[in-house]
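This report refers to the structure that appears directly beneath it.
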Amino acid sequence: MSPLFNQAGWPALAFGVSFAIAIAIPGWLHARNEAVLLANPKLPIPEYGGAVVTINHNEDTMKKIASSVDELSHADFASSFDMYYEAQLENCDPDKNVVVLNGTNGPSWTLHPFVEALREKGYCTLNLDYRGHGRSSSSPGEYTAELFGEDVVGIIQHVFRGKSVHLFGWSFGGLISYYLALEHPELVRSIAMTGMTSCMGFITHDGACDSSF
């Protein structure tokens, strides 16, 4: 029997296999990402255009966001980032405002066909990229559902200037819709959720889900 396969040789074999897999993983991830981009290419900005605005949260909001996680303070979160959004407010009913919220890792263009269908029915619409998604900028520090929820509050207030809105949330967007209904009911006229994420708050480092809100 080859020394590699005798009892003493198994650790060397296991190390060799593990090392080979570790070397191969970046290539596998790159290939996966390329496949995802090919299947879901970045669509062009629609004719009515897109815009970028800097979302800035005040200290009280940051303390509220941090309060959901005992181990963190507001200094662990970035209070601002540049959000990309698309707002169609022309040739629509100003009393029919709908915000479309994508799922985790879903960029703004994922639900373009749905947004277009709403516009054809006379709704004013807003769809957006969460921080670290699509055409929005990333930010340092921690991300939590509460942080994303307050980001969405910021863009709704910027676009609709105090008017309440209907929310459509897909997956993680359903979670954000639920957060807004609980924490900012004055902004919410109705919510529709599909495939809502079951985790209701900060996802901890050990994989457990803290249903904080």
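Readers should treat all values here as calculations from the given coordinates under stated rules, not as data from a laboratory. All values reported here derive from a predicted model rather than from experimental measurement. A quick note on method: Cβ atoms are made from the backbone with ideal geometry, for glycine too, and the neighbour counts reach across all protein chains shown.
Of note:
- Straight-line cross-link reach from Lys121 at under 23 Å between alpha-carbon atoms covers these lysines, not counting any fewer than eight positions away in the same chain: Lys96, Lys163.
- Asp76 paired with Thr104, simple spin-label distance in nm, labels 7 Å along Cα-to-beta-carbon: 1.8
- Here segment 116-165 is assigned +1 on the Cβ of each Lys and Arg and -1 on the Cβ of each Asp and Glu. Its dipole about the Cα centre then comes out at about 280 debye.
- Quick note on segment 73-128: its Rg to Rh ratio, both from C-alpha atoms and Rh being the Kirkwood radius, is 1.11.
- In segment 76-163, taking the dipole from charged Cβ atoms about the Cα centre, the farthest positive-side position among Val152, Gly103, Leu126 is held by Leu126.
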